[in-house]
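Rule-based calculations on the coordinates, nothing more; no lab input. Computed from a predicted structure; not experimentally measured. Note that each Cβ is placed from the backbone with ideal geometry, even for glycine, and that neighbours are counted across all protein chains shown.
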Number of protein chains: 2
Amino acid sequence: MSILTTTDPRTGETSDSGLSPSDPAVVEEVVGRAQDAFPALRSAGRRWRAGLLDALASGLEGSAEVLVREADRETGLGPVRLKGELARSAFQLRLFAEALREGGYLEATIDHAGQTPLGPAPDIRRMLVPLGPVAVFGASNFPFAFSVAGGDTASALAAGCPVVVKAHSSHPVTSGHSYEALADAARVYGAPDGTLGIVYGTAAGAELVADPRIRAVGFTGSLSAAKTLMRIIDGRAQPIPFYGELSSVNPLVITRGAAAARGPEIAAGLFASFTSGAGQFCTKPGVAFVPAGEAGDGLVAELGSLVLGAGAQVLLNARIHTSFAEIRARLLAERAVTLLASGVQGCGGFSAAPDLLGADAEELTEETTEEAFGPLLVVARYRDRAGLARGLNAVPESLTATVHCEPSETGLATELAALIEDRAGRIVFNGYPTGVRVSWGQHHGGPWPATNTLHTSVGVTAVRRFLRPLAWQDAPAAVLPEELREGADDIPRRIDGRMVLPAT
Amino acid sequence: MSILTTTDPRTGETSDSGLSPSDPAVVEEVVGRAQDAFPALRSAGRRWRAGLLDALASGLEGSAEVLVREADRETGLGPVRLKGELARSAFQLRLFAEALREGGYLEATIDHAGQTPLGPAPDIRRMLVPLGPVAVFGASNFPFAFSVAGGDTASALAAGCPVVVKAHSSHPVTSGHSYEALADAARVYGAPDGTLGIVYGTAAGAELVADPRIRAVGFTGSLSAAKTLMRIIDGRAQPIPFYGELSSVNPLVITRGAAAARGPEIAAGLFASFTSGAGQFCTKPGVAFVPAGEAGDGLVAELGSLVLGAGAQVLLNARIHTSFAEIRARLLAERAVTLLASGVQGCGGFSAAPDLLGADAEELTEETTEEAFGPLLVVARYRDRAGLARGLNAVPESLTATVHCEPSETGLATELAALIEDRAGRIVFNGYPTGVRVSWGQHHGGPWPATNTLHTSVGVTAVRRFLRPLAWQDAPAAVLPEELREGADDIPRRIDGRMVLPAT
């Protein structure tokens, strides 16, 4: 029997994870249990599912010690970051529980029967209902918040969909422990067996996506892996939605005014942002547009000295380590790109030192704006707005775009917002795109190639991905879900065109 | 120069439409004008766009006489139905105008900055924004409500997206007149040139979908035409959403109780529904499950006599006429299918007589549940619930599913609802699926192969297809859209997790 290995990125040493790739019979059985769990999970209702999510959050926290220890060994991200990420995952589960209790996510709508300008019309009631079992592909860079216990799992369970996670090969042991923590909590809460499942290995992931009982896929990872899965979906008899969060360069623009007023402060913030988590965030700022001239020169010099003094960081796995080195070499081979500064090289394991590269904004191309997943920033200098606009247009559409400007530059801020808002899912002012707030209004998405969807994978509205509308026409009360019956006034509903809130 | 022909389906006679297929240069120019109109259309705001939709509705009504006349000549649907459909299109435009003024569709959300369990968090504001120019492919069977002046056009314009319609080859003259009526009204209202465009011909449709400036496609038509367009989208550098309303068999179940209590009434209603518009509705009931036994026998006999006495109807075009004959022949060639009754054959043009076919519910297959677009109904007799369930499972997932039951059969109604709700987008009780109410809560969609989306093409929420979320982080007030500013309290908004309604 083949085994799955686990690797310590600090040393590069590989050992037996104690886990095996899931063979087809296992995938078949895990998906079967998910399918069996679906009717119960759906009919248990949203208050029950809110309790389940709260129980999962507590279960996760209860296993924090072992989870953080194993994740640190498998990712090298360090206990401070990992404790924070675990807290974030628990917070996220509880936020979805809050959203379930509030009920607005159902979009409950009632159009009573009556006369209309087109004649008599039947009673129509609409609500969102769960799709069915969902496959979740976790990401290497968030062993908790975008993995087994992450946002896709939380939002799919909130929707009422059983989840089968394909464990990421970069942290199989953490995935296994996360699954055990969540599955135990679910069992104790009384959730049906099959509410949450897990499979291991690339082949199992492919079988999962091909299984006709799987009704949607949540994915965070590379464009190439996504394309492989999308091809499998194209081959299904019944296509299903694929929600992919794929890649992002995240341009950041610094105005002349901001560079003059806050140069050193922005340099420090930008340095912290692009090296945070060893630069392995999908929201890492990859290209910073800095004005030509003295203030910009000072900011770049400050950035350069921060990079020069920085030590090496540990990348997550061999693939990312190799890929980062290759992309770095490709970027530096470009005539338009120069190396401005490098940090102190490390040795052993998958280490990489931060890099600061320079280019002229007007010379940016598809090649010079390739996403480098790791601690690397390209500083693109611009002389005027036309040059800035040209440079921004060369950057692929992203999850985020950021502007640093001064309060006195209101007209400029509006102009820049117009430039970037078609090219990103979130626009940030005088801050940094890393550190995505988990909240009701968050949008973590964006135009292709950042994602392939019009939805978010962070924040409450992520639940919409795993729901579909269903309308009931002239249905007897007994057939209607509780939320669509007359008098069920504890959730926000649209009744005859007008929003009606619960009495508080 | 090649010409486009127009055909009278009552006679089959073809003549010059006076229109030409749009060559690539024309498509290029029409899409260019749409792209140019986009910034103005978006920034004009929702109240302005509401006025535009009202103006389009009036423009349509103002041209009703010529539109109905031309549509009658090109579709054979008759003036009563066509006047009703035109009124419905105008109603639809005005309903979207109402939704724009109300503003809830924006999903405006504000999460103020502050302390959270995860530490300090930035201000996040989210709202839906338009995608950009949209291509709309009208359907043959609704020359107004699913064509140039139809729901896709109305919802895309409501979203703030310019629209380029690919005129359906089955009614080019009606399309041209519809476009003129709407474009004139838009011009008088002061809308930017390029708000609405039109192209003619299959090649132009393909070029439209391939154009990188087109950001979404709304389509109503056959699965095979949809697949051609989806292949073009797969070949784009930037994929775009394709919203396809594709095919539907629409099962209808009659319980023993309903057959006994209302046999003749249901027979009459069902006959009217499956022959309405010559059976050319995507919501036409295609398979009716009738209980074995006396009451069911009576109902089927009544249906048979209605069909026997019915005259021929006119199908929309040569392709539908041929295809209907072919599918009818394929169905009758099935061992399990018998011909129960046929109406009086017509002569000339694209005429077809209504048909009633019979089968055993337990013997239904993929072959015997093929959608026949025209006045044909398969009556499937069932002996018990297991047989009914088996038959229902053989019917492809549909836009609608219908149950006729008695008030005393509450338990049965719930059981049947559970059987059908996974297999349809709208479930109808004691009514008929044709005649789709245009309202806030309507859902005209459904699982594949009924559609390929989790959205509707009828009703207010159809607008969501042409919008994407955008989040603003710590944005200066001047940069924010009006609806996300502090104090803008004239629309429903979610603020710090709670829905807040405008003071009324």
What angle do you read, to the nearest 10 degrees and between 0 and 90, between the alpha-carbon axis of helix B:410-421 and the longest principal axis of chain B?
-> 60
Would you mind listing how long region A:95-226 runs along its three principal axes, going by Cα atoms, in whole Å with the largest first?
-> 62, 36, 25
Return the lysines within reach of residue A:83: Cα separation strictly under 30 angstrom, same-chain partners fewer than 8 residues apart disregarded; answer none if there are no such residues.
-> A:166, A:284
Two-site label geometry, residue B:329 and residue A:474: point separation in nm, points 7 Å out along Cα→Cβ = 3.9
For region B:340-379 and region A:369-383, compute the distance between their C-alpha centroids and round to whole Å.
-> 64
Which listed residue (A:165, A:220, A:200) has the Cα farthest towards the positive end of the charge dipole for region A:152-230, taking +1 on Lys and Arg C-beta and -1 on Asp and Glu C-beta about the Cα centre?
-> A:220
Projected convex hull area of chain A, Cα atoms, direction-averaged, in nm², equals 26.6
Rounded if a/c under 1.5, otherwise prolate or oblate - region A:1-132, Cα gyration tensor axes = prolate
Scale the Cα Rg of region A:32-105 by the rule-of-thumb value 2.2 N^0.38 Å and send over the ratio, two decimals.
-> 1.34
Per-residue ellipticity at 222 nm attributable to helices in chain A (runs of n ≥ 4 DSSP H, -39500 (n - 2.57) apiece, nearest 500 deg cm²/dmol) works out to -12500 deg cm²/dmol
Sorted largest first, the C-alpha extents of region B:374-462 along its principal axes in whole angstrom are 40, 28, 26
On a 0 to 90 degree scale, rounded to 10, what angle separates helix A:256-275 from the longest Cα axis of chain A?
-> 70
Restricting to Cα pairs under 8 Å and 6 or more apart, the percent relative contact order of chain B works out to 18
What list do you get for B:415, A:70 if you sort them by fewest beta carbons within 10 Å?
-> B:415, A:70
Distance from the Cα centre of region B:291-315 to that of region B:407-426, in angstrom?
-> 25
Taking only C-alpha positions in the protein assembly as shown, Rg and Dmax in angstrom work out to 29.4, 94
So what's the angle, to the nearest 10 degrees on a 0 to 90 scale, between helix B:79-102 and the longest Cα principal axis of chain B?
-> 30
Given C-alpha coordinates of region B:157-299, what is the ratio Rg to Rh with the Kirkwood estimate of Rh?
-> 1.16
Under unit Cβ charges (Lys, Arg +1; Asp, Glu -1), what dipole magnitude, rounded to 20 debye, does the protein assembly as shown have relative to its Cα centre?
-> 500
Arranged by the count of other C-beta atoms within 10 angstrom, fewest first, what order do B:98, B:366 take?
-> B:366, B:98
Under 1.5 on a/c is rounded, so check that first for region B:323-438, then, if it is not, pick prolate when a/b is larger than b/c and oblate when it is not; a ≥ b ≥ c are the square roots of the alpha carbon gyration tensor eigenvalues.
-> prolate
When all C-alpha to C-alpha distances in region A:320-373 are sorted into bins of 10 Å, what percent of pairs does each bin hold, rounded to whole numbers?
-> 22, 55, 20, 3
Distance from the Cα centre of region B:444-496 to that of region A:49-96, in angstrom?
-> 31
Do you know the relative contact order of region B:314-442, to the nearest whole percent, from alpha carbon pairs under 8 angstrom that are 6+ apart?
-> 19
Do you know the relative contact order of region A:160-220, to the nearest whole percent, from alpha carbon pairs under 8 angstrom that are 6+ apart?
-> 42
